[in-house]
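The values are calculated or read from the model by the stated rules, or taken from the named source; none is laboratory data. None of these values were measured; they are calculated from a predicted model. Reconstructed Cβ throughout: ideal geometry from the backbone, glycine too, with neighbour counts over all protein chains shown. When the accessible area is computed, the model is the full protein with side chains, heavy atoms only, and any ligands, DNA or RNA have been set aside. Shrake-Rupley method; radii C 1.70, N 1.55, O 1.52, S 1.80 Å.
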Amino acid sequence: MTDGPHVLITPNLAELLPQLHERYPDCRFTAVADDEPAREEYFDAEVILRSAMNEDLFDVLLDKCQKLRWVQITAAGFDWVGGDAWHRRLDEGLIYTRSPNSYNVPIAEYVIGAVLLHARAFPEYRAAQERHEWVRVVAQDVIGSTMVVFGTGAIGREVAWRARALGVEVIGVNRAGTPAEGFERVEAYADHLALLPQADSVVLAMPLTSENRYFFDAERFAAMKETAVLVNVGRGALIAEDALVEAMQSGRIGAAVLDVFEEEPLPAENRLWDLPRTTITPHTSFRGSGNVQRLYADFCANFDRYRAGEQLLGLKRQPDLGY
């Protein structure tokens with residue numbers, strides 16, 4: 001007998017069904033078939049755990065699932081879900097949460113790998129290998145370097161303690177300069193320009209808001225060290241593309257590692273592909289072998305709270321700014 005909530009999950013998370021059934025035997029869990037019309041059996045769902053899902057199907061579920069009260073997305077940010085049906089249900093009181101911890105580890109490891117990649121000159125060695133040349137490059141020490149991390153949330157904190165373990169001084173930047181665990185110090189966003197000349201690496205791990213779109217522009221690149229590395233795991237629109245192209249083509253900064261882009265997939269004709277000293281990855285920093293189990297842990301923590309009538313984790317912290 002199942003008298004608990006009916007939960008729909010996207011098909012790429014179907015491997016979680018045995019664990020969910022065992023942990024919550026009084027609840028019903030259904031993997032949504034994404035390649036066929038919505039089934040009537042879905043329409044009494046109260047909760048959706050959404051990862052990859054066809055947008056048209058999601059809109060149908062929003063219209064037909066009148067008992068729907070809560071949707072948890074398996075993403076770090078809120079800016080990719082939209083549509084009229086979605087906003088109507090939010091206005092009607094639908095609860096919307098993100099998975100707050102599922103991708104922090106792989107993204108943080110990506111950032112550290114990106115910094116080490118360029119500090120140890122692996123791109124130069126790879127180019128020399130392709131030329132069959134025996135070239136030795138003097139690497140840049142990571143120990144004793146300075147990293148400035150824009151965004152002191154869960155991802156930024158995971159980056160910070162890993163970098164500090166390597167002997168890096170890590171300075172965080174957030175809106176108000178609020179102290180955050182793992183950072184040697186945190187400065188207010190209003191004061192960030194003065195930090196860039198100190199930074200050997202700059203990490204963008206902040207959400208995209210109306211306040212920071214294209215904030216990393218020519219003025220910021222001009223303030224950076226010529227040897228500095230820029231790593232963007234936030235959103236592509238944090239960076240003004242024209243300014244980035246100019247900075248890399250002119251040798252204004254040492255290197256860039258970009259995992260996010262304003263248009264994704266990145267068009268084949270986009271200028272970013274061919275920039276010197278630039279590494280492009282296809283929005284993959286969040287992918288890791290432990291993600292599914294971390295998504296499971298995040299969902300269960302919130303599902304327990306939901307059933308107990310408690311406030312959920314992963315709600316928007318600054319609703320007026322969209323994150």
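See the values below:
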item: Subset of the stretch 251-265 (residues that are surrounded by fewer than 19 Cβ atoms within 10 Å (Cβ to Cβ) and either out of contact with any helix residue (DSSP H, G or I) (no Cβ under 9 Å at 6 or more places or on another chain) or under 21 Å from VAL173 (Cα atoms) (or both)); result: GLY251, PRO265
item: Test: residue in the stretch 181-199 that is within 24 Å of ASN270 (Cα to Cα) and at pLDDT 95 or above; result: no
item: Subset of the stretch 121-152 [touching a residue at least 40 places away in the same chain (Cβ under 8 Å) and open to solvent by 30 Å² or more (accessible area, probe 1.4 Å)]; result: PRO123, GLN140
item: Odd one out for HIS87, checked against (1) touching a residue at least 24 places away in the same chain (Cβ under 8 Å); (2) of a type outside the set (S, T, N, Q); (3) closer than 28 Å to LEU315 by Cβ; result: (1)
item: Close pairs from the stretch 274-295: first within 17 Å of VAL159 (Cβ to Cβ), partner not hydrophobic (A, V, I, L, M, F, W, C), Cβ under 6 Å, at least 6 apart; result: THR281/ASP259; SER285/TYR110; SER285/ASP259; PHE286/TYR103; PHE286/PRO106; GLY288/PRO106; ARG294/SER102
item: Out of THR284, THR279, sole residue that is of a type in the set (Val, Ile, Thr), open to solvent by 20 Å² or more (accessible area, probe 1.4 Å), over 16 Å from the mean Cα position of the chain (by Cα) and at pLDDT 95 or above; result: THR279
item: Per-region count, the stretch 39-60, residues under 20 Å from ASP84 (Cβ atoms), among the hydrophobic types (A, V, I, L, M, F, W, C) and open to solvent by 30 Å² or more (accessible area, probe 1.4 Å); result: 2
item: Candidate set: the stretch 153-167, residues that are of a type outside the set (Gly, Ala, Ser) and open to solvent by 10 Å² or more (accessible area, probe 1.4 Å); chosen: the one farthest from THR209 (Cα to Cα); result: LEU166
item: Matching residues in the stretch 194-213 - criterion: being of a type outside the set (S, T, N, Q), within 17 Å of the chain's Cα centre (by Cα) and part of a loop (DSSP other than H, G, I, E, B); result: ALA205, MET206, PRO207, LEU208, ARG213
item: Members of the stretch 183-218 that are open to solvent by less than 60 Å² (accessible area, probe 1.4 Å), among the polar types (S, T, N, Q) and within 24 Å of LEU117 (Cα to Cα); result: SER201
item: All positions within the stretch 19-28 that are within 18 Å of ARG294 (Cα to Cα) and crowded, with 16+ Cβ neighbours inside 10 Å; result: LEU20, TYR24
item: Unique match (being out of contact with any Lys or Arg (no Cβ under 8 Å at 6 or more places or on another chain) and open to solvent by 40 Å² or more (accessible area, probe 1.4 Å)) among ALA228, ALA268; result: ALA268
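Results for (1) within 16 Å of the chain's Cα centre (by Cα); (2) buried (at least 19 other Cβ atoms within 10 Å of the Cβ); (3) among the hydroxyl-bearing types (Ser, Thr, Tyr), shown as yes or no for each residue.
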site	(1), (2), (3)
ARG220	no, yes, no
ALA223	no, no, no
GLY234	yes, yes, no
GLY288	yes, no, no
ARG294	yes, no, no
ALA297	no, no, no
TYR306	no, yes, yes
LEU313	no, no, no
